[in-house]
Amino acid sequence: MAAQLTGISLIFKTNTLRRDPRSFAPFPTELRKERIMGEHDNTRRGLLATAATGLLAASAFRSSFAAQPSKKAGQEREVGAVEDLMREHGVLRRCLMVYSETAIRLRGGNRLDPQPIQRTAELFRRFGEGYHEMQLEEIHIFPTVKQAGGPAAAVIDVLNTQHERGREITAYILQVVAKGSIETSDAEPLAQAFESFVRMYRAHAAREDTVVFPVWKASLSERQLHEMGERFEDIERQTFGHDGFEDAVKQISHVEEALGLADLAQFTAPPKA
Ligand SMILES: [Fe+2]
Ligand SMILES: [Fe+2]
């Protein structure tokens, strides 16, 4: 009963966070520059390709291409700091998808195995809260963006509050599933906790991806951004002892398999009736 009341009161408190409306920041000048440079680069590549018409040139091109070391996709190429943050959001979004599906099943009166839910909440706590939020965003991203001022700075306090609220809800979820089975009296409060959590984090991560991270990136020089990418890799290694992202993807994939959610095709919208 105490747990149920805690869950309800936590959910009720979440509703107070539904103030989140801030306007999008215009694209900073440096980002526009990047895009323009990319266009210029494409033009240059086009001219070079046109010039390389002779047999000799084609042969030289093939040799130089063949001389490149073979790379496994996504393994050896450098992952930039912002790409790192955004692909971590990808793992967290897959956790949210598990929570959404679980809420539907709980409402359907199904008796659920708490193990996959527990593994998802533990992954979110360890990878999302303990690493992505507490070691990257709260230390390296938010202070810089707040200092920059403007619309992105204005949402930082809300984002911090949502981090704290998320940790409370994760603690509640873990407390319920630690009982070993989901009691009937816990089903509805748990479903509501999942819904509140998913609603909050969808808005949260979308705002970070589209407003906060671009401003953070624009506030750093190319060298600083590169250094931050390396710093993030060091933190990841220190925290997990290996590639935390790869491991997190494996863990959420196993949960999806256990719940019958691994086949992406099942999420394709049905054809028009
Ligand atoms: Fe965040
Ligand atoms: Fe985030």
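Where a number appears in this text, it was derived from the coordinates with a stated rule and is not lab data. Every value quoted in this text rests on a predicted model; they were computed, and no experiment measured them. A quick note on method: Cβ atoms are made from the backbone with ideal geometry, for glycine too, and the neighbour counts reach across all protein chains shown.
Assorted remarks:
- Every Cα-Cα pair in the range 105-169 was counted, and those over 16 Å apart are 58% of them.
- Ordering 235, 141 from the fewest to the most neighbouring beta carbons within 10 Å gives 235, 141.
- Size descriptors for the range 197-268, from the alpha-carbon set: Rg then Dmax equal 16.5, 45 Å.
- Note on residue 243 and residue 154: the model spin-label points, each 7 Å out from Cα along the C-beta direction, lie 4.1 nm apart.
- In plain terms, the C-alpha convex hull of the range 79-263 casts an average shadow of 10.4 nm² when viewed from every direction.
- Cross-link partners of residue 179 among aspartates and glutamates, defined as those whose alpha carbon lies under 14 angstrom from its own and excluding same-chain residues fewer than eight positions apart: 113.
- Residue 182 sits among other residues whose Cβ lies under 15 Å from its own Cβ, and their net charge, with Lys and Arg +1 and Asp and Glu -1, is 0.
- By average C-beta atoms within 10 angstrom, highest first, the peptides 120-129, 261-270, 94-103: 120-129, 94-103, 261-270
- Taken about its Cα centre, the range 79-263 carries a charge dipole of about 460 debye when Lys and Arg each add +1 at the Cβ and Asp and Glu each add -1 at the Cβ.
- Cα extents of the range 134-186 along the three principal axes, largest first (Å): 49, 20, 9
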